[in-house]
1. Among DSSP beta bridges whose residues both lie in the stretch 180-303, state the antiparallel percentage, nearest 5.
2. Among bridges DSSP assigns within the chain, what percent are antiparallel (round to 5)?
3. Around V124, under 12 Å between beta carbons, what's the net of Lys plus Arg minus Asp minus Glu among the other residues?
4. In Å², and per residue, what accessible area does the chain have when probed at 1.4 Å with the other protein chains present?
5. Can you pull out the trypsin sites (Lys or Arg not before Pro) in the stretch 45-112 whose DSSP state is coil and whose Cβ has at most 15 other Cβ atoms within 10 Å?
6. Can you give the charge dipole size of the chain about its Cα centre, rounded to the nearest 20 debye, using +1 on the beta carbon of Lys and Arg and -1 on the beta carbon of Asp and Glu?
7. By how many nm would the segment from E151 to K165 grow when fully extended, if each residue of separation counts as 0.36 nm and the alpha-carbon distance is taken off?
8. Say we join alpha carbon atoms closer than 10 Å with springs in a Gaussian network model of the chain; which of A66, A122, A285 then has the biggest fluctuation?
Amino acid sequence: MTTSLHRLLPLVVLLFGAANAAELVADAPHHCDACETWSKPREPFRIYGNTWYVGGGLSSVLITTAKGHVLIDGGLPQTAPTIAANIEKLGFKLTDVKYILNSHTHYDHAGGIAALQRASGAQVFASPASKLALERGGPMEDDPQFAFGPEHNNFPPVKDVRIIKEGETLRIGNIAITAHITPGHTPGGTSWTWESCNGDLCIALVYADSLNSVSATDFRFTGDASHTSRVPVFEKSIDTVAALPCDILITPHPEFFDLDAKLAQREKNPSQNPFIDDGACKAYAAAARERLAKRIAEEVASK
Ligand SMILES: [Zn+2]
């Protein structure tokens, strides 16, 4: 009896060891009109230096160092396996992802985080308002999209989220990534900045949060009986993004930084990096400002 147990023990250890090796167990898929397009896989590629695109139809970015990696955004619940596979395809290990960050707490950017956290063992960091929504697994009552309801909004809850404050810098290896809390689209929305180097040439990268003034039907950015105007805070966030050191802009929805056009450009002329554009953050902010002004005019007209 004892002998056979002893003989079995190495096998048991081996099996448990194998199960620990980044076996990603995805959560139930989210259903929405755009979800099929958003969850389409995409080949991973280098954006610049140690910064890689590992998402599908929604952006996810991996920043790598010899000491461990940082992942920004987890896509939909059904995107998590794509992100995990893309990380491994590039030759990195999912278990070397030490930190997971998020742009904003909607199901299309936070939905895959719980599964990615379980499989990697990474620590999730978020702004104080985003921590509440991530741990709830859905937006809080003050989110402009809250009234869409739980079936539309909710995503797998994330455990043990640590708070990162405005202007705080997270460090791992030679990465220093700074949080810029840019509320408006959501109450805890966060933009992230860091430097990546190609040889000696180090440039400023920005993962700018969504700055879209979209909401559930009855929400008013200009305020109503239930809340004061969100306009000053939103405008401040837009100003913040416009003023960031920014050689490369990345956004949660890839069409907002013209991903496909830039990849086609790079194909044509591989010696140039079309992602480098020091006017991109300013243009992104200007377009958001225009949309917000239009939204304000519509709300005022409908009073
Ligand atoms: Zn959103």
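The values are calculated or read from the model by the stated rules, or taken from the named source; none is laboratory data. Since this is a predicted model, take the numbers as computed values, not measurements. Because the Cβ atoms are built from the backbone with ideal geometry, glycine has one as well, and the counts that use them run over all protein chains shown. Accessible surface areas use protein heavy atoms only, side chains included; no ligands, DNA or RNA. Shrake-Rupley method; radii C 1.70, N 1.55, O 1.52, S 1.80 Å.
1. In the stretch 180-303, DSSP labels about 80 percent of beta bridges as antiparallel.
2. Once the DSSP bridges in the chain are tallied, antiparallel ones form about 70 percent.
3. The answer is +2.
4. Numbers: 14530 Å² over 303 residues.
In whole numbers, the chain has 48 Å² accessible per residue.
5. Details: sites: R46, K67, K89, K93, K98; in loops: K67, K93.
Loop-located and lightly packed - K67, K93.
6. For the chain, the charge dipole is close to 680 debye.
7. Details: separation 14, 0.36 × 14 = 5.04 nm, distance 3.02 nm.
Extra length from E151 to K165 when fully extended: 2.0 nm.
8. In the Gaussian network model the winner is A66.
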